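Here's the structure, in structure tokens; my notes come after.
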């Protein structure tokens with residue numbers, strides 16, 4: 001492998017997208033109306049005139065996604081049947097965006113069967129309206145969705161604090177610079193290889209980003225010790241998983257990350273910590289992050305040892321497959337490592 005193996009994911013530093021959807025000071029909430037029919041957009045705009053909001057328009061899915069990427073609105077009113085890309089796919093892509101996960105989407109369609117409502121909810125929609133749109137109902141739903149957005153903004157701000165804490169932990173130690181970023185990216189990539197859902201991919205990335213947040217409660221003398229930890233220091237270091245869980249637990253929007261934070265040091269043979277889980281008792285996301293965490297640690301310097309080559313690191317993982325790590329996760333990382341390296345060079 002050319003160059004420094006520690007750069008196996010990135011050539012240039014990247015930071016997580018922590019922006020809180022377009023929190024640039026603006027006086028009114030912004031509603032994006034997405035419909036291929038100009039008359040429909042104009043009708044909805046006229047109804048929204050009764051609400052103190054700014055209205056933007058997009059005539060199809062790609063145009064809407066481009067607008068959201070540049071400046072996310074506070075609410076999306078989304079038609080289902082459109083050319084180029086239907087509303088279900090648009091909604092899925094919005095929810096997969098780093099700054100679209102908490103963006104409310106109300107789908108509007110003439111398709112009124114229950115199956116269509118289910119499809120909308122499965123795509124990530126927050127609400128569903130049937131055509132023809134009635135003004136009073138639209139106004140009520142928009143006001144409700146905007147109240148939901150205010151709540152999401154407060155949750156997103158709390159998440160920002162948590163991710164900033166994780167970054168602060170990393171900044172304390174030159175040996176772990178960008179470690180969590182690489183772990184999050186590689187875990188998400190392996191999840192893509194497994195065909196996991198967009199929500200699980202987001203969980204893998206965000207969980208990888210903050211899996212070691214509990215180290216903020218561990219003494220620097222332990223974190224930076226150049227030799228093995230003594231019997232008193234070992235449980236203090238191991239406590240970081242419980243500390244991290246306690247930091248993140250109060251925020252309901254990050255509840256899906258808790259299994260990663262708590263269980264990424266479990267072992268496949270049941271000899272890990274904190275709960276001694278074994279095999280598939282260990283949450284799948286934690287098993288994936290554990291392998292990515294171990295590989296990145298192996299190919300980077302630590303206070304107690306120098307980094308290993310890529311080949312040496314893979315040998316360590318393969319030797320521990322089935323005992324320390326999930327053998328399937330180890331095999332997947334080994335087989336996809338060239339693609340991960342290519343992703344980092346892109």
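The values are calculated or read from the model by the stated rules, or taken from the named source; none is laboratory data. Remember, predicted model here, so these are calculated numbers, not experimental data. Glycine also receives a Cβ, built like all others from the backbone with ideal geometry; neighbour counts cover every protein chain displayed.
Descriptive notes on the structure:
- Test: residue in the stretch 239-251 that is in the same structural domain as residue 220 (by TED's automatic domain parsing), surrounded by fewer than 21 Cβ atoms within 10 Å (Cβ to Cβ) and farther than 29 Å from residue 102 by Cβ: yes
- Residues that are under 23 Å from residue 273 (Cα atoms), buried (at least 19 other Cβ atoms within 10 Å of the Cβ) and at pLDDT 90 or above do not occur anywhere in the stretch 223-230.
Condition check ((1) outside any loop (DSSP other than H, G, I, E, B); (2) modelled with pLDDT under 90; (3) under 30 Å from residue 181 (Cβ atoms)) across all residues:
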site: 16; (1), (2), (3): no, yes, yes
site: 27; (1), (2), (3): no, yes, no
site: 32; (1), (2), (3): yes, no, no
site: 36; (1), (2), (3): no, no, no
site: 44; (1), (2), (3): yes, no, no
site: 51; (1), (2), (3): no, no, no
site: 57; (1), (2), (3): yes, no, no
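- The lone exception for residue 300 - which of (1) farther than 20 Å from residue 215 by Cα; (2) touching a residue at least 40 places away in the same chain (Cβ under 8 Å); (3) out of contact with any strand residue (DSSP E or B) (no Cβ under 7 Å at 6 or more places or on another chain) it fails: (1)
- Among the residues making up the stretch 189-200, those that are at pLDDT below 95 and either touching a strand residue (DSSP E or B) at 6+ places or on another chain (Cβ under 8 Å) or part of a helix (DSSP H, G or I) (or both) are 198, 199, 200.
- Among the residues making up the stretch 232-246, those that are modelled with pLDDT of 90 or more and assigned to a helix (DSSP H, G or I) are 233, 234, 235, 236, 237, 238, 240, 241, 242, 243, 244, 245.
- Filtering the stretch 111-132 to residues that are touching a strand residue (DSSP E or B) at 6+ places or on another chain (Cβ under 6 Å) and not in a loop (DSSP other than H, G, I, E, B) leaves 117, 120, 127, 128, 129.
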